[in-house]
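Step one of this worksheet: look at the structure below.
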Amino acid sequence: QVQIVESGGGLVQPGGFLRLSCAASGSLFSGAYVSWYRQAPGKQREWVATISSTGSTNYLVSVKGRFTISRDNAKNTVYLQMNSLNPEDTAVYSCNLMILGKDYWGQGTQVTVSS
């Protein structure tokens with residue numbers, strides 16, 4: 001069983017930055033595809049970014065150039081560096097791992113962008 005813990009959320013002013021972390025248990029982390037999703041109040045969950053087991057990355061168009069996803073397999077952790085945040089980025093951000101065809105989710109971390 002894989003357990004995931006996200007951290008790093010909080011309140012930030014427009015134009016600010018945050019770094020989210022997604023820490024996972026288990027020995028298969030290095031082979032996992034890891035994605036960040038977000039869900040704003042009253043909206044459906046939205047995919048944000050993915051990093052493959054080989055380090056390839058993909059981003060939602062609206063965050064490309066502002067967000068960077070990266071991984072440290074030695075620490076079983078994926079990061080989401082979020083710069084130039086704006087109020088539209090306000091959401092609960094959740095981490096998803098796909099390993100051997102199975103999906104695992106964390107509990108999410110709240111990001112609020114407000115002055």
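The values are calculated or read from the model by the stated rules, or taken from the named source; none is laboratory data. Being a predicted model, the structure only gives us computed values, none of them experimental. Ideal geometry is used to build each Cβ from the backbone, glycine not excepted, and the neighbour counts take in all protein chains shown. Just the protein is used for accessible areas: all its heavy atoms, side chains included, with ligands, DNA and RNA removed. Shrake-Rupley method; radii C 1.70, N 1.55, O 1.52, S 1.80 Å.
The table below gives the values:
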{"item": "Residue that is surrounded by the most Cβ atoms within 10 Å (Cβ to Cβ) [pool: residues in segment 51-77 that are of a type in the set (D, E, K, R) and under 23 Å from G26 (Cβ atoms)]", "result": "R71"}
{"item": "Within segment 99-115, considering residues that are modelled with pLDDT of 95 or more and among the aliphatic types (A, V, I, L, M), the one surrounded by the most Cβ atoms within 10 Å (Cβ to Cβ)", "result": "V111"}
{"item": "Qualifying residue in segment 21-41 (condition: within 16 Å of A91 (Cβ to Cβ) and outside any strand (DSSP E or B))", "result": "yes"}
{"item": "Residue match in segment 78-89 (condition: open to solvent by 70 Å² or more (accessible area, probe 1.4 Å), more than 15 Å from E6 (Cβ to Cβ) and acidic (D, E))", "result": "yes"}
{"item": "Number of the exception - V48 against (1) part of a loop (DSSP other than H, G, I, E, B); (2) touching a Ser or Thr at 6+ places or on another chain (Cβ under 8 Å); (3) under 15 Å from S84 (Cβ atoms); (4) open to solvent by less than 30 Å² (accessible area, probe 1.4 Å)", "result": "(1)"}
